[in-house]
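Structure first, then comments.
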Amino acid sequence: MSQGHTPPQSAPSVEWLPAWDAGRGIDSVMELGNTVFGAHTGAPSGVWSAPGRVNLIGEHTDYNQGLCLPIALPHRTYVALRPSTNEDIQLASRQGTQLWCTTWADLRPGNVSGWGTYAAGVAWALREAGHQVGGFDATVDSAVPLGASLSSSAALECAFAVALDSAFNLGLAETPEGRRELVAACRRAENDMAGAPTGGLDQMASMFCQAGHALALDFREGIPDAEAARLVPFDLAAAGLTILVVDSRAPHALVDGQYAERRNACQSAAESLGIASLREINPASLDATLESLTDPVQVKRVRHVVTEIQRTAEFIDVVQAGLVTNGAADQDRITHAGALMNASHDSLRDDYQVTVPQTDLAVDASRAAGAIGARMTGGGFGGATIALVRQEDVERVAATVAQEFASAGYTAPAFLESPPSGSAGRDLVVNDRAMRRVTP
Ligand code: ADP
Ligand code: MG
């Protein structure tokens with residue numbers, strides 16, 4: 001009698017996407033410039049970079065005048081840029097398929113398409129706002145995975161924003177008010193030129209986050225001003241914790257109709273309630289408000305937004321109070337933070353309905369493997385999840401998620417670690433005589 005037996009299953013390998021040091025980004029975009037535009041055309045004026053972001057909590061709240069709490073990824077998008085003497089815009093990216101070219105005469109919404117709209121759109125929005133921006137050549141490379149809901153689009157826009165700002169001497173990046181103007185230009189580029197109706201969270205994060213901090217954003221009055229954008233110390237390492245990011249590799253696209261559909265549902269609900277935005281709903285009277293809505297889909301959408309704003313406020317309070325008390329990790333606060341993350345995901349899955357099987361699985365597997373809390377991050381419909389994990393559990397949680405994906409037959413996910421990192425800025429100054437590195 002033959003005995004059937006299954007061969008031992010080897011654990012799938014865990015793919016980590018490391019952050020780059022500035023030197024790697026600088027070398028890559030300089031080299032690409034030489035290849036594409038030719039060394040004879042001269043060096044760029046410099047290299048600039050901007051980070052992707054992880055939103056800790058507060059999802060689909062920015063366009064409802066609510067609260068969000070992002071941190072910047074250590075993963076950045078690098079841009080080498082040189083003003084040209086004509087009205088041409090020529091761009092090349094290691095993540096783009098070909099040279100992307102336009103002229104100032106052709107650069108207007110609806111008349112251009114493709115990845116370059118995010119970059120050239122920033123130049124267009126700055127000119128629309130009255131700033132003097134001419135033609136330019138630029139090359140791009142990025143450590144931020146594209147389309148993973150870690151905001152490669154805002155990283156690209158913000159890297160161009162600070163590059164154009166210094167190459168054309170606009171002087172905006174030096175002050176918070178100026179940076180807010182750059183945020184507005186980036187958002188216009190994304191909304192009007194690229195056609196993605198996102199709400200401003202991503203660009204605020206890329207332009208304002210700082211290492212060791214989370215950025216508490218209040219969109220009640222639109223793009224947050226100095227008072228509404230507050231850096232909160234967020235020392236995960238001191239509490240023995242880290243944020244594990246899972247790129248589910250389930251592709252997402254914010255330019256398809258789903259994101260706009262959610263925005264419209266919120267707007268229609270606000271209109272039928274006779275209020276300017278869902279922020280005006282008092283959480284204490286949420287049940288009564290929901291009873292006055294007749295559309296069951298609107299009920300779900302509104303319930304998510306109102307409870308998510310509340311959860312975000314609570315999470316900000318926890319972070320503000322500190323994850324370390326008297327030199328030791330504060331387990332009550334850490335557990336509370338994790339529970340809020342879990343509730344956020346469940347609401348995005350059941351009420352806002354923006355998760356997919358891969359992100360639900362990544363969250364479930366992270367929780368089962370010991371994460372303190374886990375949720376999808378970003379707009380949803382694929383993309384990434386995050387887990388709050390003890391440092392000693394990182395490898396195990398990642399291995400469990402990879403194993404569960406393999407068992408389900410999904411494309412293998414990728415993993416990133418995200419200590420809260422710094423904002424958009426310059427990495428390399430180039431002038432007639434010398435090149436000077438600005439960042440380590
Ligand atoms: P996310 O911002 O979550 O990564 P989006 O759909 O908002 O996803 O933006 C991804 C798009 O942004 C890409 O499809 C591409 O058009 C553009 N993009 C972002 N980074 C780059 C890059 N380094 N090179 C070329 N295009 C990029
Ligand atoms: Mg984006």
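The values are calculated or read from the model by the stated rules, or taken from the named source; none is laboratory data. Nothing here was measured: the structure is a model prediction, and the numbers come from that model. Glycine also receives a Cβ, built like all others from the backbone with ideal geometry; neighbour counts cover every protein chain displayed. Ligands, DNA and RNA are excluded from the accessible area calculation, which covers all protein heavy atoms including side chains. Shrake-Rupley method; radii C 1.70, N 1.55, O 1.52, S 1.80 Å.
Using a 7 Å offset from Cα along Cα-Cβ at A11, what residues in region 354-368 end up with backbone N under 15 Å from the label point?
Those under the cut-off are 366.
Using a Förster distance of 41 Å, how high is the FRET efficiency between L99 and E271, based on the Cβ-Cβ distance and rounded to 0.05? Each step should come with its number before you reach the end.
Values: r = 45 Å, r/R0 = 1.09.
With R0 = 41 Å, the Cβ-Cβ based efficiency is 0.35.
Loop sites only, by DSSP: take the GluC sites (Glu not before Pro) in the chain that have at most 10 other C-beta atoms within 10 Å and name the longest stretch containing none of them. The partial results should precede the final answer.
Working: sites that count: E221, E227.
Free of exposed loop sites, the longest segment is 1-220.
Just to verify a number: what accessible area does D141 come out at with the full protein assembly present, 1.4 Å probe, Å² rounded to tens?
Number for this one is 10 Å².
Return the distance in nm (one decimal) between the two label points of a simple spin-label model at E291 and E174, each offset 7 Å from Cα along Cα→Cβ.
If labels sit at E291 and E174, their model points lie 5.9 nm apart.
Hey, any idea what % of the chain's accessible area is carbon plus sulfur with a 1.4 Å probe?
Details: 8760 of 17940 Å².
Here carbon and sulfur together make up 49 percent of the probe-accessible area.
Just the number please: accessible area per residue for the chain, 1.4 Å probe, all protein chains included, in Å². List each step's numbers first, then the result.
Numbers: 17940 Å² over 440 residues.
Ligands and nucleic acids excluded, the result is 41 Å² per residue.
In the neighborhood of T439, defined by Cβ-to-Cβ distances under 15 Å, what is the net charge if each Lys or Arg adds +1 and each Asp or Glu adds -1?
Values: positive: R24, R76, R426, R436, R437; negative: D21, D27, D427.
Net charge in that neighbourhood comes out at +2.
How much accessible surface does T294 have with a 1.4 Å probe, in Å² rounded to 10?
For T294, the solvent-accessible surface is approximately 140 Å².
Rounded if a/c is under 1.5, else prolate if a/b is larger than b/c, else oblate: which is region 331-440, with a ≥ b ≥ c the root eigenvalues of its Cα gyration tensor? Can you show the working numbers first?
Working: a/c = 2.10, a/b = 1.94, b/c = 1.09.
Prolate, since a/c reaches 1.5 and a/b exceeds b/c.
Note down the magnitude of the dipole of the chain about its Cα centre, charges +1 on Lys and Arg C-beta and -1 on Asp and Glu C-beta and zero elsewhere, to the nearest 20 debye. Intermediate results must be reported in sequence, preceding the final value.
On the way: 31 positive and 50 negative charges, 111 e Å.
Dipole magnitude for the chain comes out near 540 debye.
Could you tell me the extents of the chain's C-alpha atoms along the three principal axes, largest first, rounded to whole Å?
So the three principal-axis extents are 70, 68, 53 Å.
Can you find, among Q132, T77, G147, the residue sitting farthest towards the positive end of the charge dipole of region 38-149, where Lys and Arg contribute +1 and Asp and Glu -1 at Cβ?
Result: T77.
For the chain, what does the helix formula give at 222 nm: sum of -39500 (n - 2.57) over DSSP H segments with n ≥ 4, over the residue count, nearest 500 deg cm²/dmol?
-12000 deg cm²/dmol
What is the local net charge at A321, summed over the other residues whose Cβ is closer than 14 Å to its Cβ (Lys, Arg +1; Asp, Glu -1)?
-4
Between the alpha-carbon centers of region 195-270 and region 344-416, tell me the distance in whole angstrom.
That distance is 18 Å.
Add +1 for every Lys or Arg and -1 for every Asp or Glu among the other residues with Cβ under 10 Å from the Cβ of D165, and state the total.
Combined, the nearby Lys, Arg, Asp and Glu give 0.
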